[in-house]
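Before any comments, here is the structure.
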Amino acid sequence: MDTHEPVQITAEGQTLVVTLDRPKANAIDVTTSRALYAAFDRLRSDPRLRVGILTAAGDRFFSAGWDLKAAAAGEGIEADHGPGGFAGITEFLDIGKPVIAAVNGLAFGGGFELALAADLVVAAEHAEFALTEVTLGLVADAGGLLRLPARLPRPIAVECLLTGRRLTAT
């Protein structure tokens, strides 16, 4: 029986470090979304904590986004990901404390939407970002459709949303 938790949470002084830990691609299913929400709810409700850092285990994937294996096993796109929405934070709008996404690898699809839901993104040089939903005939509806144009010049955001083009950290 595997007792590995998909999200590791540690408090380091006034900082809550939230680590997505689902080898191989840190894909997000309902259980992971709910665990992420619980971590961000702890950040919101604990007066000793002042900031959250969201990162991921490994250095290849920050997150590949929606867990397509879970989807194929019956966890549909309309599944209840909990009160924070997909990835526990895309609909959690009242945390009241800054969340920094420390992106240390590929952030694709919902993984990029997870990073966009943070207040600040700090990326490793090898990090890449893409809203790949369009290549599957889907829409980046966990916030990417609205958040990307708010962060990037509109023509670049539209190109990424319509083509799934990868962006480097640079």
Q. To the nearest 10 square angstrom, how much accessible area does residue 31 have with a 1.4 angstrom probe?
A. 90
**Q.** Check: the chain dipole with +1 on Lys, Arg Cβ and -1 on Asp, Glu Cβ, in debye
**A.** 420
Q) Which ³J(HN,Hα) values in Hz, rounded to whole numbers, follow from the phi angles of segment 31-47 under the Karplus curve 6.51 cos²θ - 1.76 cosθ + 1.60, where θ = phi - 60° and Gly and Pro get x? A) 4, 5, 4, 5, 5, 5, 4, 4, 5, 6, 5, 4, 4, 4, 8, 8, x
Q) With θ set to phi - 60° and the Karplus curve 6.51 cos²θ - 1.76 cosθ + 1.60, what are the ³J(HN,Hα) couplings of segment 51-68 in order, to the nearest whole Hz, using x for Gly and Pro? A) 7, x, 10, 9, 9, 9, 6, x, 10, 8, 10, 6, 6, 7, x, 4, 6, 5
Q. If you take every DSSP beta bridge whose two residues both sit in segment 1-94, what share of them, in percent to the nearest 5, is antiparallel?
A. 45
Q) Averaged per residue, what accessible area in Å² does the chain show with a 1.4 Å probe, protein chains only? A) 52
Q) Expressed as a whole percentage, what fraction of the accessible surface of segment 117-170 belongs to carbon and sulfur atoms when a 1.4 Å probe is rolled over the protein heavy atoms? A) 60
(Q) For the chain, what does the helix formula give at 222 nm: sum of -39500 (n - 2.57) over DSSP H segments with n ≥ 4, over the residue count, nearest 500 deg cm²/dmol? (A) -7500 deg cm²/dmol
Q. Pick the calculated Rg/Rh (Cα atoms, Kirkwood Rh) for this structure from (1) 0.95; (2) 1.08; (3) 1.00?
A. (1)
Q: Ratio to report: Rg/Rh of segment 108-170, with Cα atoms as the point set and Rh obtained by the Kirkwood method; give two decimals.
A: 0.92
**Q.** Value of Rg to Rh for segment 43-83 (Rh from inverse mean 1/r over Cα pairs, i.e. Kirkwood)
**A.** 1.12
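The values are calculated or read from the model by the stated rules, or taken from the named source; none is laboratory data. Everything numeric here is computed off the predicted structure, so don't read it as measured data. Don't worry about glycine lacking a Cβ; one is built from the backbone with ideal geometry, like all the others, and counts go over all protein chains shown. SASA here: full protein model, heavy atoms, side chains in, ligands and nucleic acids out. Shrake-Rupley method; radii C 1.70, N 1.55, O 1.52, S 1.80 Å.
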